[in-house]
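Values quoted throughout were computed directly from the atomic coordinates according to the rules given, and no laboratory measurement underlies them. Keep in mind it's a predicted model, so treat the numbers as computed, not measured. When we count neighbours, we look across all protein chains shown, and the Cβ atoms used for this are built from the backbone with ideal geometry, even at glycine.
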Amino acid sequence: MKKFVIQAMAVKNLTRRPVRTWSMVFFVFMLSFSLMLSTVLVDSMEERLSKTTDRLGADIIVVPKEYEHSMADSLFLGEKCNFTFDKKWVEEIASLEGVAACSPQLYMKSLAAGCCSAEVQLIAFDPETDFAITAWLEDSNIKMPGHGEMIIGSSIRPETDGEVIFFNDHYKVIGQLETTRTNYDTCVFMTYETATDIMHSEKWYEAFRENPDANDLVSSLLVRTEEGVDAKLVARTINFRMSDDSPLSAYTTNGIMSEAIESTQSMGNYSRLLVVLISILVVAALLCIFTITINERTKEFGILASLGADSGKLSGIVLTEGALIGLIGGLLGATIGTVAMLIFKDTIMTVLKVPALNTNLFYLLTLGLKCMLLALAVSIAASLYSAWKVSRNDLDGLIRGEEM
Amino acid sequence: MLTTKKLTKTFDRQSRCFDAVHEVDFSIKAGELCALTGPSGCGKSTFFHLISGITKADSGKILFDGKDLCELSGKEWTQLRATQISYVLQGDSLLPNFSVLENICLPHQLCGSKDELEKRALELLKEFGLEAMAEEYPSNLSGGERRRVALARAVVHEPKLVIADEPTSDLDEENTALIMDHFQRQAESGKAILFSTHDLSCLRPGMTHYKMKKGIMTRV
């Protein structure tokens, strides 16, 4: 019992002043909750950005002119696209100096209609030249898809096991990729052969009034540069040394994502600034409340001092009260933040227009613990001044109830 | 037990120095019940603050069981107040957020006294006729009841000397008698009791009586 007297007294002081206590807890809760939410948002964006560029596996990406934004939106935000350019350019780019390998990809959109399992991004690749998707398949121990076979992203849930339907035709699913928390989790992969079948289907014609040959089309060309060669220089070469009528634009992987990188960076900066400002606000608010109430409690501390409580014990009571407020507010903020993130993930993503939200439980719990510790530190910091004043004030003044 | 020799405390008020306590020679023995009377502002509370270490004396000596208390550090004074010299503040001195029982026990436990104070506290509450009030909060108590709780708190840890600053002020005859009876019993059990009062009806045969006027104390 003796050990816990300070804690017991602090708890009693807090429970007997519920309005003051819950007001202070609310400030700390706001800090913990906003820190939790903004960190999850920024972390999720940054993670998606870095995973997308890593997963792409290319140094340069070539897309039709004026479609670079669509490409970036497709990669980062998961928006479906279906732009194309003529395959004849592939050979010209492959022959340029500094280019080690290049592989075309073709993007198609399925329809949100009964003819298709789901409205998803269909990506066709060339197994002969591919260096991106092949590597993922190897990592997931999935064999290369053959004619009429498909690989699905981790978020795709086919209605019939092992089968998907696109434009009224059935395709065999031979594997599902692991979760990457990128746009690729909602994509379906196939070879150009299968893409040709899709584009030649009756339903495709019904929808788009044409049956192009997939083998003549490229949506993006992934380029890997030779070792030691600057990707920016090669991208510049593609943009300026090719014939004037070239309909293409080449970007380094980071270059095409530059807008997304900038937005994520500024979002991160705003978020950090916001957390700093909220921390200052919370410290100031708690400091005011602590100082005012400590002044009202001078006599109380004087009584304890007259009974033999030393300054350490008196400041211990104030600090414990601060710590308890920080702990309760921090815990509430982190818990409600975690639960809200898990329950309202989709709503948050839609309302805030963010492409991804990391709701991995271990990540949320670790982050929650960090938020709680920060809230605790902020609350203790705010109570330090009052604790110091209580311990420094002369006993005579305390007993007389003089303002500290 | 406690002796003061030429104890002096000077205050500076409006650029004018005056002795709130002037060369006071005082003595109290174990088992002695001692009353200090005098008008308001005569220096009674200052004297009590000096001998309980709340205020530092400017000159003179305070001897407690032969030891010069003026030499003690703040920490040693704190320890002394927690164990041997109990001081009952003037007016309402209960902690508003704690129940009667907690008011008696928790401050002492905070200062490191033993845990079994509760049993003794309940005995004291019974002695004061407050056993039914143990879980009540000070706001539900009358003025007389609050004073009795404060006194119970002052003696629960068995100090050698109890100093009470005007413990009967604003109390009716019945409550005053209750407190004086309690003091008498505490003195009979070997404690030294020193209290201040304006009310001369508090004085009883066998009590030592000191008078104070303008900082100067005289034995009556």
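Assorted remarks:
- 10 Å Cβ neighbours from other chains, averaged over peptide A:318-327: 0
- Dipole of chain B, positive end: most advanced residue of B:Ser99, B:Cys42, B:Leu151 [Cβ charges, Cα centre]: B:Cys42
- With a Förster radius of 56 Å applied to the beta-carbon distance between A:Val11 and B:Glu23, the computed FRET efficiency rounds to 0.70.
- Projected over all directions and averaged, the alpha-carbon convex hull of chain B occupies 12.1 nm².
- Along region A:329-335 the Karplus relation, 6.51 cos²θ - 1.76 cosθ + 1.60 evaluated at θ = phi - 60°, assigns HN-Hα couplings of x, x, 5, 4, x, 5, 5 Hz to successive residues, with x for each Gly and Pro.
- Surrounding net charge for A:Asp73, when Lys and Arg each add one and Asp and Glu each subtract one, Cβ distance under 11 Å: -2
- Net length available on complete extension from B:Glu76 to B:Asp92 is 3.1 nm, with 0.36 nm assigned per residue and the Cα-Cα distance removed.
- Mean ellipticity per residue at 222 nm, deg cm²/dmol - from DSSP H runs of n ≥ 4 across chain B, formula -39500 (n - 2.57): -9500 deg cm²/dmol
- Using the Cβ of A:Lys109 as centre and a radius below 11 Å, the other residues enclosed give a net charge of -1, where K and R count +1 and D and E count -1.
- Within 10 Å of each Cβ in B:99-108, the average number of Cβ atoms from other chains: 3
- Residues A:Ser110, A:Ser23, A:Ser391 in ascending order of nearby Cβ atoms (within 10 Å, fewest first): A:Ser23, A:Ser391, A:Ser110.
- The DSSP beta bridges internal to chain A are antiparallel in roughly 75% of cases.
- Shielding by partners - mean other protein chain Cβ count within 10 Å, residues of B:157-166: 1
- Among the GluC sites (Glu not before Pro) found in region A:215-264, those both in a DSSP coil and sparsely packed, with 16 or fewer other Cβ atoms within 10 Å of their Cβ, are A:Glu226, A:Glu227.
- Once the C-beta distance of A:Lys232 and A:Asn269 is scaled by a Förster radius of 25 Å, the resulting FRET efficiency is 0.50 to the nearest 0.05.
- Cα centroid of region A:204-231 to Cα centroid of region B:48-125, whole Å: 88
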